[in-house]
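Computed from the coordinates by the stated procedures, all read-outs in this text should not be read as laboratory data. Everything numeric in this text was worked out from a predicted model, so none of it was measured. Here the Cβ positions follow ideal geometry from the backbone for every residue, glycine too, while neighbour counts run over all protein chains shown.
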Amino acid sequence: MSRSIEIPFKIFPEGWFVTWSVTSQCYFNGSVEIKSGGTVLQKIEKTDHDVDLQYLGHGNAIISSQDMSVVVTVEEGDPSEPIIEQHHASMIFNKEGDTVGITMAIGVEDANDFDFNDFFISFAGWAKKG
Ligand SMILES: [Ca+2]
């Protein structure tokens with residue numbers, strides 16, 4: 001039985017260049033979907049029981065909607081344990097004080113040791129591409 005969580009966020013303005021990368025240290029199989037405006041921009045999967053740090057993938061997009069979310073699905077484990085997360089965000093400013101970049105990181109917990117490293121998704125969004 002799979003368990004999942006959807007984490008919505010609206011911190012990147014429409015039209016920004018948003019990049020992401022995903023790692024895992026969990027035992028279970030699962031997936032991470034990056035969405036904008038309800039459309040899945042990328043689905044990144046973990047398909048083994050290796051608990052060593054794994055780099056699962058990365059991607060980028062000019063986002064068409066500020067309404068973004070991450071969906072983390074874990075295919076195994078105790079179905080009574082909810083998937084939970086903690087996240088933070090910060091800004092990068094130019095010398096005039098304008099916001100030129102925003103970073104965000106999401107730590108996801110899939111069991112009961114609360115290390116929040118089972119899936120880790122980091123974002124960097126930029127007002128300007130290239
Ligand atoms: Ca954990």
What does the chain give for Rg and for Dmax, in Å, if only its C-alpha atoms count?
-> 15.1, 51
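What FRET efficiency comes out for the pair Ser122/Phe93, r = Cβ-Cβ distance, R0 = 25 Å, nearest 0.05?
0.85
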Considering Cα pairs under 8 angstrom that are at least six residues apart, work out the relative contact order of the stretch 1-48 and quote it in whole percent.
-> 27 percent
Taking neighbour Cβ counts within 10 Å as the exposure measure, how do Met68, Met91, Met1, Met104 sort from fewest upward?
-> Met1, Met91, Met104, Met68
Averaging sequence separations of C-alpha pairs under 8 Å and six or more residues apart, then dividing by the length of the chain, give the relative contact order as a whole percent.
-> 32 percent
Cα extents of the stretch 1-53 along the principal axes, largest first, in whole Å, come to 37, 24, 15
Gaussian network model of the chain, Cα within-10 Å springs - most flexible of Phe93, Phe116, Phe28 = Phe93
How big is the charge dipole of the chain about its Cα centre, in debye rounded to the nearest 20, if each Lys and Arg gets +1 on its Cβ and each Asp and Glu gets -1 on its Cβ?
-> 860 debye
How do Glu75, Glu96 rank when sorted from fewest to most other Cβ atoms within 10 Å of their own Cβ?
-> Glu96, Glu75
Cβ density ranking, 10 Å radius, fewest first, applied to Ser36, Ser80 yields Ser80, Ser36
Nonlocal amide H pairs with Asn29, under 5 Å, H built at 1.01 Å = Glu75, Glu76
